[in-house]
Amino acid sequence: RILDGVVARMPKRSRVEVRYLLERGRTHNSAGETENAVSLFKRALAVGQTVNEPFYVADALHMLGIAAAPAERLAWNRKAIEFAEKAEDRQTRGWLGSLYNNTGWTLFDEGKYDESLELFQRCYGHFLSENQPDRALIAKWSMGKVLRAMGKLDKALQVQRELERDPAHSPFVEEEIAEILYARGDHESAKPYFQQAYEALSQIGWVAEDVERIARLKELGG
């Protein structure tokens, strides 16, 4: 209803129109109406380029990397990264952390671990340079997870052990350490980590919805 109220007063070919199209697209995407969302994000991209709003151009490319058909997402993410890396203003370059992260996980899901690891390394460096240590630690955790998937268990464990030394580390670190130790065949050492991960992660709503994951943590920690 709020967005409907904007339309009548919205100047065409303006920053307002770009932001309207982006937010309208996000409402459709959240509702699962991806075809409508993609159409709106493409319009936002075109208008943003016309009125020279690089921050919102990067936003539109970022959203296309999320909402487009799975086979097209990686290409949109690559375009977004290329655009943001070339941007002269810091605000637009600020998209890089999210873009590196999202693209890194897309590549991870496709089994392209070398490329995925490279992007998480760039993500880590970006957040350090932007003085965002909490987000840098998430990127570092992601690097460790990719290393585990690559079978580089010693390096993966080293990364997670470094994170474990931070008293404020997340329970996802325990989960990764457990999986690494288990993969190395050290099931007894893995058990308390599985137990700690189960106790913490089963209390997080979106994680608890993954029934198989929680059941695995409980079984291997028992």
Original post:
So how many residues does region 180-198 have that are open to solvent by 60 Å² or more (accessible area, probe 1.4 Å) and either β-branched (Val, Ile, Thr) or closer than 17 Å to Trp141 by Cβ (or both)?
Top reply: 2
**OP:** Kindly list, by first and then second residue, each pair from a residue in region 164-176 that is aliphatic (A, V, I, L, M) to a residue that is open to solvent by 30 Å² or more (accessible area, probe 1.4 Å), limited to pairs with Cβ atoms under 7 Å and residues at least 6 apart or on different chains.
**Re:** Val173/Trp141; Val173/Glu164
**OP:** Tell me which residues, restricted to region 177-219, are in contact (Cβ under 8 Å) with a residue 12 or more places away in the chain, under 22 Å from Asp154 (Cα atoms) and either touching a His at 6+ places or on another chain (Cβ under 8 Å) or among the hydroxyl-bearing types (Ser, Thr, Tyr) (or both).
**Re:** Leu181, Tyr182, Tyr193
Subject >> Residues within region 38-82 that are open to solvent by less than 70 Å² (accessible area, probe 1.4 Å), under 15 Å from Val18 (Cβ atoms) and part of a helix (DSSP H, G or I), tallied >> reply: 19
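Within region 153-163, does at least one residue satisfy the condition of being at pLDDT 95 or above and part of a loop (DSSP other than H, G, I, E, B)?
No: region 153-163 contains no residue that is at pLDDT 95 or above and part of a loop (DSSP other than H, G, I, E, B).
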Original post:
In this structure, is Arg1 of a type in the set (D, E, K, R) and surrounded by 10 or more Cβ atoms within 10 Å (Cβ to Cβ)?
Top reply: no
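Pick from region 164-190 the residues that are assigned to a loop (DSSP other than H, G, I, E, B) and under 18 Å from Val146 (Cα atoms): which of them is farthest from the chain's Cα centre (by Cα)?
Going residue by residue through region 164-190, those that are assigned to a loop (DSSP other than H, G, I, E, B) are 165-170, 184-186.
Subsequent filtering for residues that are under 18 Å from Val146 (Cα atoms) retains 170, 184.
Numbers: Ser170: 16, Arg184: 28 Å.
Per the stated criteria, the residue is Arg184.
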Original post:
From the list Phe120, Phe108, Phe127, which residue is in contact (Cβ under 8 Å) with a residue 40 or more places away in the chain and within 30 Å of Arg90 (Cβ to Cβ)?
Top reply: Phe108
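So, of the residues in region 1-37 that are among the small types (Gly, Ala, Ser) and assigned to a helix (DSSP H, G or I), which turns out to be farthest from the chain's Cα centre (by Cα)? Before the answer, list the steps.
Taking region 1-37 and keeping what is among the small types (Gly, Ala, Ser), we get 5, 8, 14, 25, 30-32, 37.
Cutting the leftovers down to assigned to a helix (DSSP H, G or I) gives us 5, 25, 30, 37.
Details: Gly5: 32, Gly25: 19, Ser30: 16, Ala37: 19 Å.
Among those residues, the one meeting the criterion is Gly5.
The values are calculated or read from the model by the stated rules, or taken from the named source; none is laboratory data. On a predicted model such as this, the values are computed, not experimentally measured, just so you know. Every residue, glycine as well, gets a Cβ built from its backbone with ideal geometry; the counts of neighbours run over all protein chains shown. Protein only, heavy atoms only, side chains kept; ligands, DNA and RNA dropped before computing areas. Shrake-Rupley method; radii C 1.70, N 1.55, O 1.52, S 1.80 Å.
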